[in-house]
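Step one of this worksheet: look at the structure below.
The values are calculated or read from the model by the stated rules, or taken from the named source; none is laboratory data. Computed from a predicted model, the values in this text were never measured in an experiment. Cβ placement follows ideal geometry from the backbone for every residue including glycine, while neighbour counts extend to all protein chains displayed. When the accessible area is computed, the model is the full protein with side chains, heavy atoms only, and any ligands, DNA or RNA have been set aside. Shrake-Rupley method; radii C 1.70, N 1.55, O 1.52, S 1.80 Å.
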Amino acid sequence: MTAFKTLDDLTNLAGKRVLLRVDLNVPVKDGKVTDTTRVERVAPTIMELSGKGARVILLAHFGRPKGKVVPSMSLESIAGVVENVLDHRVHFAADCIGEIAGKAVDAMVDGDILLLENTRFHEGEESNDPDFAAALARNGDIFVNDAFSAAHRAHASTEGLAHHLPAYAGRTMQAELTALEQGLGNPVRPVVAIVGGAKVSTKIDLLKNLVKRVDALVIGGGMANTFLAARGINVGKSLCEHDLASTAREIETEAKVAGCALVLPVDGVVAREFKAGADNETVDVDAIPADAMMLDVGPKSIEAINAWITKADTLVWNGPLGAFEIPPFDAATVSAAQHAARRTEEGLLVSVAGGGDTVSALNHAGVAEDFTYVSTAGGAFLEWMEGKPLPGIDVLKV
């Protein structure tokens with residue numbers, strides 16, 4: 001972490017106005033927050049700053065209002081949830097810049113926590129307008145970014161502010177960057193990556209980057225069918241992007257050149273219906289019935305995947321191996337996740353996971369807490385795995 005300034009580099013915080021970018025883009029159903037994980041993740045940074053006497057000013061977005069004031073996307077409804085998680089009073093201001101924000105900041109005392117209104121209610125946020133970033137900066141002395149999930153966006157509150165104020169990584173950001181360094185930046189080898197999910201088309205950049213950086217790439221989920229079809233295997237009615245056969249072959253060739261083992265299913269669990277408890281059978285991949293679809297990888301494939309996890313010193317995981325939401329098509333995901341968790345608990349594996357349905361899949365397997373690090377960052381985690389620059393990270397580098 002020597003390449004980034006963290007809270008360890010901050011002293012004499014009492015009375016300092018700290019603009020803290022957090023991720024409060026939590027899931028809401030029927031007006032109620034259904035998952036407070038993202039709030040819990042940033043709580044340590046908020047409370048550490050508050051405890052040291054800083055005046056903590058929270059910047060966040062919620063939804064996609066696209067520069068317009070949308071009452072249903074106001075952060076005011078989230079303030080109470082943040083307050084409950086922190087067990088600390090959280091004040092709210094109905095704007096993030098201008099007179100309303102300024103008056104609320106001026107009224108703060110040391111240790112206070114203030115949540116400003118949705119930054120995306122202003123067009124200047126997503127366009128990273130320098131004037132908007134300057135307006136945000138007027139209310140702070142220090143900028144701390146603890147929202148890795150928004151780090152792939154060059155927005156005013158994630159990138160622009162760092163050009164106006166001294167910039168530091170918060171504790172959640174620090175933990176994420178440390179985990180990512182362990183995962184792909186400077187990993188202990190061998191490194192195995194598991195990539196699942198429905199479509200190759202959404203992960204072409206990811207796959208092309210990984211084959212050059214890992215020792216083995218396990219492909220599961222619907223995207224495995226595209227690779228099997230590219231080898232001339234009839235996958236029946238399985239989800240498959242037949243038009244990407246040439247892309248799959250190209251990735252397989254790149255893997256061979258890079259010395260990366262490409263691990264595809266050798267058997268699968270197939271069914272005629274996609275529903276819980278559907279009649280199913282296990283067949284080799286070259287014997288998938290024409291009227292059936294593969295919804296999970298089979299026991300021989302699970303054995304091979306777990307063998308690779310056993311060989312690995314580092315595991316990077318993105319996406320489930322099958323339709324884990326519907327039993328019995330969760331068997332492969334659960335087995336591999338639990339095996340990785342055991343290896344991690346034994347101190348034999350560094351396991352980093354995130355993106356898409358991965359967190360849900362690991363929670364389903366009951367092991368999300370047992371991995372070395374599970375990222376809730378979604379798009380930012382994927383872009384990191386793709387090897388793309390992350391503006392909100394680059395601007396924090398010393």
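How many of the residues in region 189-223 are touching a strand residue (DSSP E or B) at 6+ places or on another chain (Cβ under 7 Å) and either among the hydroxyl-bearing types (Ser, Thr, Tyr) or surrounded by 20 or more Cβ atoms within 10 Å (Cβ to Cβ) (or both)?
So the count comes out to 16.
Return yes or no: is residue 261 of a type in the set (Gly, Ala, Ser), touching a helix residue (DSSP H, G or I) at 6+ places or on another chain (Cβ under 9 Å) and farther than 15 Å from residue 333 by Cβ?
Values: of a type in the set (Gly, Ala, Ser): yes; touching a helix residue (DSSP H, G or I) at 6+ places or on another chain (Cβ under 9 Å): yes; farther than 15 Å from residue 333 by Cβ: yes.
Against the criterion (of a type in the set (Gly, Ala, Ser), touching a helix residue (DSSP H, G or I) at 6+ places or on another chain (Cβ under 9 Å) and farther than 15 Å from residue 333 by Cβ), residue 261 qualifies.
Which is in a helix (DSSP H, G or I), crowded, with 24+ Cβ neighbours inside 10 Å and either modelled with pLDDT of 95 or more or touching a Pro at 6+ places or on another chain (Cβ under 7 Å) (or both), of 340, 353? Walk me through it before giving the result.
On the way: 353 fails: in a helix (DSSP H, G or I).
From the options 340, 353, the qualifying one is 340.
Looking at region 78-92, can you tell me whether even one residue there is assigned to a helix (DSSP H, G or I), acidic (Asp, Glu) and under 25 Å from residue 159 (Cα atoms)? Can you show your working first?
First, pick out the residues of region 78-92 that are assigned to a helix (DSSP H, G or I): 78-86.
Subset that is acidic (Asp, Glu): 83.
So of that shortlist, the ones also under 25 Å from residue 159 (Cα atoms) come out as none.
No, every residue in region 78-92 fails to be assigned to a helix (DSSP H, G or I), acidic (Asp, Glu) and under 25 Å from residue 159 (Cα atoms).
Given the conditions (1) modelled with pLDDT of 95 or more; (2) open to solvent by 20 Å² or more (accessible area, probe 1.4 Å), report the number of the one that residue 276 does not fulfil.
(1)
Restricting region 103-151 to residues that are of a type in the set (A, V, I, L, M, F, W, C), part of a loop (DSSP other than H, G, I, E, B) and out of contact with any Gly (no Cβ under 7 Å at 6 or more places or on another chain), which is nearest to residue 387 (Cα to Cα)?
If we filter region 103-151 for residues that are of a type in the set (A, V, I, L, M, F, W, C), which is where we start, we get 104-105, 107-109, 113-116, 121, 132-137, 142-144, 147-148, 150-151.
Narrowing the set further to residues that are part of a loop (DSSP other than H, G, I, E, B) leaves 107-109, 147, 151.
Retained after the next criterion (residues that are out of contact with any Gly (no Cβ under 7 Å at 6 or more places or on another chain)): 107-109, 147.
Values: 107: 44, 108: 41, 109: 42, 147: 19 Å.
Taking the candidates together, the pick is 147.
What number of residues within region 303-325 are of a type outside the set (Phe, Trp, Tyr) and either assigned to a strand (DSSP E or B) or open to solvent by 30 Å² or more (accessible area, probe 1.4 Å) (or both)? Break it down stepwise before answering.
We begin by selecting, within region 303-325, every residue of a type outside the set (Phe, Trp, Tyr); these are 303-307, 309-316, 318-323, 325.
Still in the list and also either assigned to a strand (DSSP E or B) or open to solvent by 30 Å² or more (accessible area, probe 1.4 Å) (or both): 303-304, 307, 310-311, 313-316, 318, 325.
Here the count works out to 11.
Among the residues of region 284-300 satisfying the criterion of being assigned to a helix (DSSP H, G or I) and touching a residue at least 40 places away in the same chain (Cβ under 8 Å), which is least open to solvent (accessible area, probe 1.4 Å)? It would help to see each step written out before you state the result.
Of the residues in region 284-300, the ones assigned to a helix (DSSP H, G or I) are 285-287, 299-300.
With the extra rule that they be touching a residue at least 40 places away in the same chain (Cβ under 8 Å), the set shrinks to 285-286.
On the way: 285: 14, 286: 121 Å².
Applying the filter and picking the extreme gives 285.
Can you confirm whether region 164-178 contains a residue that is touching a Phe, Trp or Tyr at 6+ places or on another chain (Cβ under 6 Å) and assigned to a helix (DSSP H, G or I)? Reasoning before the result, please.
Here is the first cut: in region 164-178, the residues touching a Phe, Trp or Tyr at 6+ places or on another chain (Cβ under 6 Å) are 165, 167, 169, 173, 176.
Restricting the remaining residues to those that are assigned to a helix (DSSP H, G or I) gives 173, 176.
Within region 164-178 (the criterion being touching a Phe, Trp or Tyr at 6+ places or on another chain (Cβ under 6 Å) and assigned to a helix (DSSP H, G or I)), the answer is yes, since at least one residue qualifies.
Can you tell me which residue within region 147-181, out of those that are of a type in the set (S, T, N, Q) and touching a helix residue (DSSP H, G or I) at 6+ places or on another chain (Cβ under 8 Å), is surrounded by the fewest Cβ atoms within 10 Å (Cβ to Cβ)?
174
Of the conditions (1) surrounded by fewer than 24 Cβ atoms within 10 Å (Cβ to Cβ); (2) touching a residue at least 60 places away in the same chain (Cβ under 8 Å), residue 52 satisfies every one except a single condition; which number is it?
Residue 52 satisfies every listed condition except (2).
Scan region 367-382 and tell me whether some residue there is open to solvent by less than 20 Å² (accessible area, probe 1.4 Å), at pLDDT below 95, assigned to a helix (DSSP H, G or I) and in contact with a Phe, Trp or Tyr (Cβ under 9 Å, 6 or more places away or on another chain).
Yes, region 367-382 contains a residue that is open to solvent by less than 20 Å² (accessible area, probe 1.4 Å), at pLDDT below 95, assigned to a helix (DSSP H, G or I) and in contact with a Phe, Trp or Tyr (Cβ under 9 Å, 6 or more places away or on another chain).
Looking at region 266-298 only, could you name the residues that are under 19 Å from residue 218 (Cα atoms) and among the charged types (D, E, K, R)? Break it down stepwise before answering.
Within region 266-298, the first condition is being under 19 Å from residue 218 (Cα atoms), and the residues that meet it are 266-269, 284-286, 294-298.
Answer for region 266-298, where residues must be under 19 Å from residue 218 (Cα atoms) and among the charged types (D, E, K, R): 267, 284, 286, 296.
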